[in-house]
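Trainee: Got a structure for you, written out below as structure tokens; questions coming shortly.
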Amino acid sequence: MRVYLGYPLSYHSGGSFKLKDNFLSEIGIDYSSVPVEVKKKLLSLLENIDKKDYLFIGDVFYDGIDILEFALFSLEPHSFEEVVLPGYVYGKSTFLIRNLFKNSFGRRVSIYYDFNFFSSKTVVVNVGYGKTSLSLGGRVLFNLPFGEFHLIDTLGNYLFNRFLGETGVSNAYLRKEGLRGELLDLCRSSAARILFGRSDRVEVPCFNYSRFVSSREVELALTPVVGNARFGEFVKSSSDFSSSLVLSLYSYEELFRDRLKVERVVVVGRLRHPFVKALSEVFPVPVEEFSGEEFLSMEPVNRNFKLPVRNFSQERSVVRAFSVDGEPEEVSVEALRRYFNSRDPKGVRVIEELLKLGLEGKKLMSFIYELLTIMRRSSRRSAVEMAYLNSAISALSQLEIPDELFEKVERELSEKAFNWNLPFETKLNILYFCHRFREKLQDSKLAVFPPLMLSYIRERRVSEGEKNFVRTVAEGFFTSRT
């Protein structure tokens, strides 16, 4: 008999089960009475099988492998012949699981991983609680520090920050009343219900606050985790899922001196859909979604069990603006166009100089059109193009935008705002734009941006001055509505 151990559900021929529920049932403890931090550890068990003294509950310390042993007691583990594991369990944890079956259950089992069931032209993504594994053709495995928890946490914090902005309630007041943690948990619960398709509203009854949350708003709010990097772009760090995916593909090419030929992409887990779009943007093939139960009936086709592993850490720093050198011979919109077309870094300085001239009328319109062209045509393929893009956005956030061009500027800035691989200074420029034109932006995509920036900077290495600027703009953005 075969068993698939996954998150949140595991499967065998008798049906599905949850490891955490089986463990708690075995030791006689009710899940609702368990502290939040213990719940998190139980949910991330598969990612921490090898941890010593992983959990303290009921006055007992449990190693990660001990918890798994208790969770399997009620399943007749003596009958298991094959165990299928998510890719993120690859390594020492596999050795412990094999020994568990041998020493505790008297069973020699064959261990398989999710990628063993697919050909060398398949990308397999397995979404766990706090970690996601990415197998490229079953030849190399990447562990990404993004999972279901990060999606719920990011959306929940965004909903909380937007609640504060729309109601005018301060963090200081909530802390004084002892309500902040309770309301934050309430917003995270709303986020979970929304992501799992059980609701489309965020509710804070004690403040008579109820708001519809569209699928588009959810998609934008998740961009700090999901990202929108594309293959071939200049990607500096693994700041989100898509940038990690792109860096993984670059690593594959460096390792094997060959480009991965992809015919199939499979996503396994519960909260799959936020990652499906990012995968679809990179790979020109349909993305299949698995729960994990499918592994019970599949036959292994790739028996590669020894492969290199790369672990990405969660990037806490932010991308900073690139500086390029070059003194222009001429300062004009026409010169800017020539410099940009040849990707000459001198044009970046031209933007700065034109901004100082206080252009008006047709000259201002021409300048803005040129900046919009630069934004549309600049990619993240080189440091020079990134510098042009940053300077163009900086200029647009400072100019007096004529009404007839405002919608065009807003649309272009909206496309860039949720790209978290752009420099942090660029984010602050867009935030300043949101502050200046907040009355016009209340119902736009950019309305998502200020409260989302508060979530983004929580654990990022930015200065106190930058944090205060983000807080001030985010807290004041919705005041014109109230």
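The values are calculated or read from the model by the stated rules, or taken from the named source; none is laboratory data. Since the model is a prediction, treat every value here as computed from it, not as a measurement. Here the Cβ positions follow ideal geometry from the backbone for every residue, glycine too, while neighbour counts run over all protein chains shown. SASA here: full protein model, heavy atoms, side chains in, ligands and nucleic acids out. Shrake-Rupley method; radii C 1.70, N 1.55, O 1.52, S 1.80 Å.
Trainee: Identify, from the list LEU68, LEU75, the residue that is closer than 22 Å to ASN48 by Cβ, modelled with pLDDT under 95 and of a type in the set (A, V, I, L, M).
Mentor: Exactly one of LEU68, LEU75 is closer than 22 Å to ASN48 by Cβ, modelled with pLDDT under 95 and of a type in the set (A, V, I, L, M), namely LEU75.
Trainee: I'd like the full set of residues that are touching a Ser or Thr at 6+ places or on another chain (Cβ under 8 Å) and in a strand (DSSP E or B), limited to region 109-121.
Mentor: ILE111, TYR113
Trainee: Could you please let me know if ARG343 is open to solvent by 50 Å² or more (accessible area, probe 1.4 Å), in contact with a Ser or Thr (Cβ under 8 Å, 6 or more places away or on another chain) and farther than 25 Å from THR94 by Cβ?
Mentor: yes
Trainee: Taking region 245-281, which residues are more than 24 Å from VAL89 (Cβ to Cβ) and either touching a Cys at 6+ places or on another chain (Cβ under 6 Å) or surrounded by 19 or more Cβ atoms within 10 Å (Cβ to Cβ) (or both)?
Mentor: The one that is more than 24 Å from VAL89 (Cβ to Cβ) and either touching a Cys at 6+ places or on another chain (Cβ under 6 Å) or surrounded by 19 or more Cβ atoms within 10 Å (Cβ to Cβ) (or both): VAL246.
Trainee: Got at least one residue in region 228-242 being surrounded by 17 or more Cβ atoms within 10 Å (Cβ to Cβ), assigned to a helix (DSSP H, G or I) and in contact (Cβ under 8 Å) with a residue 40 or more places away in the chain?
Mentor: Looking through region 228-242, at least one residue is surrounded by 17 or more Cβ atoms within 10 Å (Cβ to Cβ), assigned to a helix (DSSP H, G or I) and in contact (Cβ under 8 Å) with a residue 40 or more places away in the chain.
Trainee: Taking helices (runs of 4 or more DSSP H) that fall entirely within region 397-482, which contain at least 1 residues that are polar (S, T, N, Q), closer than 23 Å to GLY227 by Cβ and within 23 Å of the chain's Cα centre (by Cα)? Can you show your working first?
Mentor: Values: elements: 403-417, 424-436, 449-456, 464-476.
Once the helices (runs of 4 or more DSSP H) in region 397-482 are filtered for at least 1 residues that are polar (S, T, N, Q), closer than 23 Å to GLY227 by Cβ and within 23 Å of the chain's Cα centre (by Cα), what remains is 403-417, 424-436, 449-456.
Trainee: Please count how many residues of region 82-108 are open to solvent by 10 Å² or more (accessible area, probe 1.4 Å), part of a loop (DSSP other than H, G, I, E, B) and closer than 22 Å to SER297 by Cβ.
Mentor: The number of residues fulfilling the criteria is 1.
Trainee: Can you name the condition, by its number, that SER119 falls short on among (1) touching a helix residue (DSSP H, G or I) at 6+ places or on another chain (Cβ under 7 Å); (2) open to solvent by 10 Å² or more (accessible area, probe 1.4 Å); (3) closer than 22 Å to SER280 by Cα?
Mentor: Of (1) touching a helix residue (DSSP H, G or I) at 6+ places or on another chain (Cβ under 7 Å); (2) open to solvent by 10 Å² or more (accessible area, probe 1.4 Å); (3) closer than 22 Å to SER280 by Cα, only one is false for SER119: (1).
Trainee: Same structure again: Which ones in region 282-299 are open to solvent by 20 Å² or more (accessible area, probe 1.4 Å) and either in contact (Cβ under 8 Å) with a residue 40 or more places away in the chain or basic (Lys, Arg) (or both)?
Mentor: VAL282, SER291, GLU293, LEU296, MET298, GLU299
Trainee: Which residues, taken from region 137-157, are charged (D, E, K, R) and open to solvent by 10 Å² or more (accessible area, probe 1.4 Å)? Outline the logic, then answer.
Mentor: First pass over region 137-157, keeping only residues charged (D, E, K, R): 139, 148, 153.
Matches in region 137-157: ARG139, ASP153.
Trainee: Output the residue which, of all residues in region 237-262 that are more than 20 Å from TYR456 (Cα to Cα) and among the polar types (S, T, N, Q), is nearest to the chain's Cα centre (by Cα).
Mentor: SER248
Trainee: Only one of (1) free of Cβ contacts under 8 Å to residues at least 60 places away in the same chain; (2) open to solvent by 10 Å² or more (accessible area, probe 1.4 Å); (3) of a type in the set (A, V, I, L, M, F, W, C) is not met by PHE160, so which one is it?
Mentor: (2)
Trainee: From the list PHE17, PHE23, exactly one residue is of a type outside the set (Ser, Thr, Tyr) and closer than 21 Å to SER110 by Cα. Which is it?
Mentor: Values: PHE23 fails: closer than 21 Å to SER110 by Cα.
That would be PHE17, the only listed residue that is of a type outside the set (Ser, Thr, Tyr) and closer than 21 Å to SER110 by Cα.
Trainee: Return the only residue of SER414, SER394, SER378 being free of Cβ contacts under 8 Å to residues at least 24 places away in the same chain, buried (at least 16 other Cβ atoms within 10 Å of the Cβ) and in contact with a helix residue (DSSP H, G or I) (Cβ under 8 Å, 6 or more places away or on another chain).
Mentor: SER378
Trainee: A further question follows. Cβ contacts < 6 Å: first residue free of Cβ contacts under 8 Å to residues at least 24 places away in the same chain and within 17 Å of GLY326 (Cβ to Cβ), restricted to region 349-373; second residue outside any helix (DSSP H, G or I) and open to solvent by less than 50 Å² (accessible area, probe 1.4 Å), any location; separation 6+ or different chain. Result?
Mentor: What qualifies is ARG349/PRO328; VAL350/PRO328.
Trainee: Based on what the data block shows, is GLU330 among the acidic types (Asp, Glu) and under 21 Å from the mean Cα position of the chain (by Cα)? First the steps, then the outcome.
Mentor: Working: among the acidic types (Asp, Glu): yes; under 21 Å from the mean Cα position of the chain (by Cα): no.
Here the answer is no, as GLU330 does not meet what is asked.
Trainee: Among (1) within 20 Å of HIS12 (Cα to Cα); (2) in contact with a Phe, Trp or Tyr (Cβ under 8 Å, 6 or more places away or on another chain); (3) of a type in the set (Phe, Trp, Tyr), where does PHE73 come up short?
Mentor: (2)
Trainee: Looking only at residues that are assigned to a loop (DSSP other than H, G, I, E, B) and open to solvent by less than 20 Å² (accessible area, probe 1.4 Å) in region 8-46, which one is modelled with the highest pLDDT?
Mentor: The residue in question is SER44.
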